[in-house]
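A.B. asks: The structure is given below, and queries will be raised subsequently.
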Amino acid sequence: QKEVEQDPGPLSVPEGAIVSLNCTYSNSAFQYFMWYRQYSRKGPELLMYTYSSGNKEDGRFTAQVDKSSKYISLFIRDSQPSDSATYLCAMRGNTGGFKTIFGAGTRLFVKA
Amino acid sequence: GAVVSQHPSWVICKSGTSVKIECRSLDFQATTMFWYRQFPKQSLMLMATSNEGSKATYEQGVEKDKFLINHASLTLSTLTVTSAHPEDSSFYICSARDRDTSLKQYFGPGTRLTVT
């Protein structure tokens, strides 16, 4: 079993839809949870980060962490064609030596 | 803030030659830098972790003599692909962890290497 599981998609939605992206994980030591957006042929861009459980909102993006279920989500409201990209979840533990573990990435297409 | 640059953005080289890729943190100091490799439509594969002033730690299966990493300062790390072969063709991405906010890891734009 992989430490982080993420459905690679592709996920195709119409413009304006609410998008839900998810990851599950197995390591209970993970404390920090991140979402990155990667456009084709570009490096990943940090979108959201959260510590421990709870919600965090930034504009059209909301990140949720449920540590009891080992499940994290990223919601995108009013999705736009420019949101079309690959979204990677990532997580790590609480000490300097912990590596960041990335999900496989979900490819999202938002159709105009 | 938190910009990581890479140079070159793309390079084509002949088999058997060596290629150096630079990674710089432009507006923060990075005690730790990471080098990843990414194949088309696949996720990031960590190759090695480098800490400023010390030897890099390579992931299992990554040849340290082929992929030379140097982290000479808090803002610069280099990856040299030695005696490159066509199978080394890939997208190489560096990442830097901010010394002051060690949680956050920022990525460079990547370097596309094609070995002919």
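A.B. asks: Among B:SER43, A:ILE76, A:MET34, which residue has its Cα furthest toward the positive end of the charge dipole of the protein assembly as shown, with +1 on Lys/Arg Cβ and -1 on Asp/Glu Cβ?
C.D. replies: B:SER43
A.B. asks: Averaging the inverse of every distinct alpha carbon separation and then flipping it gives the Kirkwood radius. What is it for region B:63-110, in angstrom units?
C.D. replies: Kirkwood hydrodynamic radius for region B:63-110: 12.5 Å.
A.B. asks: Calculate, for B:SER73 and A:GLU45, the FRET efficiency according to 1/(1 + (r/R0)^6) with r their C-beta to C-beta distance and R0 30 Å; round to the nearest 0.05.
C.D. replies: Computed FRET efficiency for B:SER73 and A:GLU45 comes out at 0.75.
A.B. asks: Next up: Give me a single rounded figure for A:29-40: the average over its residues of other chain Cβ atoms within 10 Å of their Cβ.
C.D. replies: Across A:29-40, the average partner-chain Cβ count within 10 Å equals 2.
A.B. asks: Using a simple charge model, +1 on the beta-carbon of Lys and Arg, -1 on the beta-carbon of Asp and Glu, nothing else, what dipole does region B:63-116 show about its Cα centre, in debye to the nearest 20?
C.D. replies: Here region B:63-116 has a charge dipole of around 180 debye.
A.B. asks: Which translational diffusion coefficient, to the nearest whole µm²/s, is obtained for the protein assembly as shown from the Stokes-Einstein equation, given a Kirkwood hydrodynamic radius over C-alpha pairs, 10 °C and 1.306 mPa s?
C.D. replies: Answer from the Stokes-Einstein relation: 87 µm²/s.
A.B. asks: Between their Cα atoms, which of A:LYS42/B:LYS14; A:LYS70/B:LYS104; B:LYS55/B:LYS104; A:LYS67/B:LYS55; A:LYS70/B:LYS20 are more than 32 Å away from each other?
C.D. replies: Check vs 32 Å cut-off fails for A:LYS67/B:LYS55; A:LYS70/B:LYS20.
A.B. asks: Among all the aspartates and glutamates, which ones have a C-alpha under 19 Å from A:LYS56's C-alpha, if same-chain residues fewer than 8 places away are not counted?
C.D. replies: A:GLU45, A:ASP66, A:ASP78, A:ASP83
A.B. asks: Let me ask something else. Identify which of B:PHE28, B:PHE39, B:PHE67 has the largest mean-square fluctuation in a Gaussian network model of chain B, with springs joining Cα atoms closer than 10 Å.
C.D. replies: Top of the fluctuation ranking is B:PHE39.
A.B. asks: Would you mind computing Rg(Cα) / (2.2 N^0.38 Å) for chain B, counting N as its residues?
C.D. replies: My calculation over the Cα atoms of chain B gives 1.00.
A.B. asks: Please find the FRET efficiency linking B:THR116 to B:LYS64, where r is the Cβ-Cβ separation and R0 is fixed at 30 Å, and quote it to the nearest 0.05.
C.D. replies: In this case the efficiency is close to 0.75.
A.B. asks: Could you give the size of the charge dipole of chain B about its Cα centre, using +1 on the Cβ of each K and R and -1 on the Cβ of each D and E, expressed in debye and rounded to the nearest 20?
C.D. replies: 140 debye
A.B. asks: Quote the total accessible area buried by chains A and B together, excluding ligands, DNA and RNA, probe 1.4 Å, nearest 100 Å².
C.D. replies: 1600 Å²
A.B. asks: Ok, one more. In peptide B:37-50, how many Cβ atoms from other protein chains are near each Cβ within 10 Å, on average?
C.D. replies: That works out to 3 on average.
A.B. asks: So what is the accessible area of the protein assembly as shown per residue, in Å², with the probe set to 1.4 Å?
C.D. replies: Solvent-accessible surface per residue comes out at 48 Å².
A.B. asks: Sticking with the crude label model, points 7 Å out along Cα→Cβ, report the distance from A:ALA17 to A:ASP78 in nm, one decimal please.
C.D. replies: Placing both labels 7 Å along Cα→Cβ, they lie 1.9 nm apart.
A.B. asks: Tell me, what is the FRET efficiency for B:SER15 and B:PHE39 to the nearest 0.05, using R0 = 22 angstrom and their Cβ-Cβ distance as r?
C.D. replies: 0.70
A.B. asks: For the protein assembly as shown, which whole-number percentage of the solvent-accessible area (1.4 Å probe, protein heavy atoms only) is attributable to carbon and sulfur atoms?
C.D. replies: 50 percent
A.B. asks: For chain A, state the average projected area of the convex hull of the C-alpha atoms over all orientations, rounded to one decimal in nm².
C.D. replies: For the Cα atoms of chain A, the hull's average projected area reads 6.9 nm².
A.B. asks: Would you list, by chain and number, the aspartates and glutamates whose Cα falls below 13 Å from the Cα of B:LYS66, excluding same-chain residues fewer than 8 positions away?
C.D. replies: The qualifying aspartates and glutamates are B:GLU87, B:ASP88.
A.B. asks: At B:GLU87 and A:SER26, where each label point lies 7 Å from the Cα along Cα→Cβ, what is the point-to-point distance in nanometres?
C.D. replies: A separation of 2.8 nm, rounded to one decimal place.
The values are calculated or read from the model by the stated rules, or taken from the named source; none is laboratory data. Please read these numbers as outputs of a predicted model, since none were measured by experiment. Glycine also receives a Cβ, built like all others from the backbone with ideal geometry; neighbour counts cover every protein chain displayed. Note: areas computed on protein heavy atoms with side chains; ligands, DNA, RNA excluded. Shrake-Rupley method; radii C 1.70, N 1.55, O 1.52, S 1.80 Å.
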